[in-house]
1. Can you say what percent of the DSSP beta bridges in the range 54-176, counting only those with both residues inside, are antiparallel? Round to 5.
2. Using the alpha carbon gyration tensor of the range 70-156, what are the three equivalent-ellipsoid semi-axes (square root of 5 times each eigenvalue), largest first, in whole Å?
3. Quick one: which residues, 5 or more positions from Leu142 or on another chain, have an amide H under 5 Å from its amide H? H modelled 1.01 Å from N in the peptide plane, none for Pro or chain starts.
4. On full extension of the chain, what length is gained from Arg252 through Arg122, given 0.36 nm per residue of separation minus the C-alpha to C-alpha distance?
5. What list of ³J(HN,Hα) values in whole Hz, one per residue of the range 247-255 in order, does the Karplus curve 6.51 cos²θ - 1.76 cosθ + 1.60 (θ = phi - 60°) give from phi, with Gly and Pro shown as x?
6. With +1 on the Cβ of every Lys and Arg and -1 on the Cβ of every Asp and Glu, and nothing else charged, how large is the dipole of the range 91-212 about its Cα centre, in debye rounded to the nearest 20?
7. Which value in nm describes the separation of the simple spin-label points at Leu182 and Ser238, placed 7 Å from the Cα toward the beta carbon?
8. Tabulate in residue order the Karplus-calculated ³J(HN,Hα) for the range 72-89, using 6.51 cos²θ - 1.76 cosθ + 1.60 with θ = phi - 60°, rounded to whole Hz; enter x for Gly and Pro.
Amino acid sequence: MAGKAVARETLFALRQTIAHIEGRTVVDLDAARGETEMPGLAVRTSGRGGMKILPFGLQAMDEPMEGGLPLDAVTEIRSDRLGDAGAASGFMLALSARLLVHSSSGAGPARILWIGDETVAREAGLPHAAGLRDYGLDPRHLLYARPRRIEDGLWLAEAGLASGVFCAVILEACGNPRRFGLTESRRLSLKAHSTGRPLLLLRQGGEQEAGSAVFRVRIRPSLAQSRRIPDGSVLGGSIANPVFRVTLEKSRLPAPVDIHLEWNPYDRLFSLTTPLPVPADNKQTNFGAILSPSADGQDRTSLLGGVVAFDRAS
């Protein structure tokens, strides 16, 4: 009982700090005190080489990832552009739901800290409670913070890992910020290893770069199957569970692994699926502008060329 009380007080203090960083003065501590632990489900875990892991339950993912998702290291999830932020966030939330189930089954903390990015929030939107619930993730177990600077986000990530009140910490970054380099990545990796908590680095619209992540996964959207009814027939005009195109870019294998995974929000499980062909008549009429990955310096005004002075007419 004393341990739980200390953990809750630590969580309240962290909530207040997040509110201060975000510029808010009111924190709903009464709602926080009313949080309940989610019912645990039996999820098999195993270790390999001393690393704590959470298996996917799929050989196509567990084998190249040496057993599954590491529980005391950094795993990077990235998208090529902000237009795919929904797919990358969806895959990350699916992993979060799995982590919550695993933590609850072992009487661990059933909370996730998601440190969002201001630019991504403006472009792709904020988490929606009803959508999270339909996706298999109870919004009461998700604490969302949105600092203004990447430096504040890095500090929150370390504080969240060290607090011991979260089963995982998600750090979202837009593109490849200059102030989040190899040194900062190494610090987060050491903190995750020392605290025994996983850190999911969600890089939206960014390129590959050197980092201390054990694995790096590239996520792109894929076509969902049609929903089937109990008699086995297909329900016309329907959409079934979300499907992700998953490319394991960084692992011990010499070549990337490219597969399609379907997420079942009811059973909270992944399954392999066969990608559907894109219909010939399924063409977008307005693709919009495809922007390059965000990085420091690209948003600055370019230098003007030579300025020619003309004589005034009058």
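What follows is calculated from the coordinates using simple rules that are stated; it is not laboratory data. No experiment lies behind these values; they were computed from the predicted model shown. Note: ideal-geometry Cβ built from the backbone for every residue, glycine included; neighbour counts use all protein chains shown.
1. 10 percent
2. 21, 16, 13
3. Close amide H contacts, sequence-distant or interchain: Ile112.
4. Once the chain is fully extended between Arg252 and Arg122, it gains 43.2 nm.
5. Result, rounded to whole Hz: 10, 7, 7, 10, 6, 7, 7, x, 10.
6. Dipole of the range 91-212, to the nearest 20 debye: 240 debye.
7. Inter-label distance under the simple model: 5.2 nm.
8. For the range 72-89, the Karplus-derived couplings read 9, 8, 9, 10, 9, 10, 10, 10, 6, 8, 5, x, 9, 4, x, 5, 5, 5 Hz, x marking Gly and Pro.
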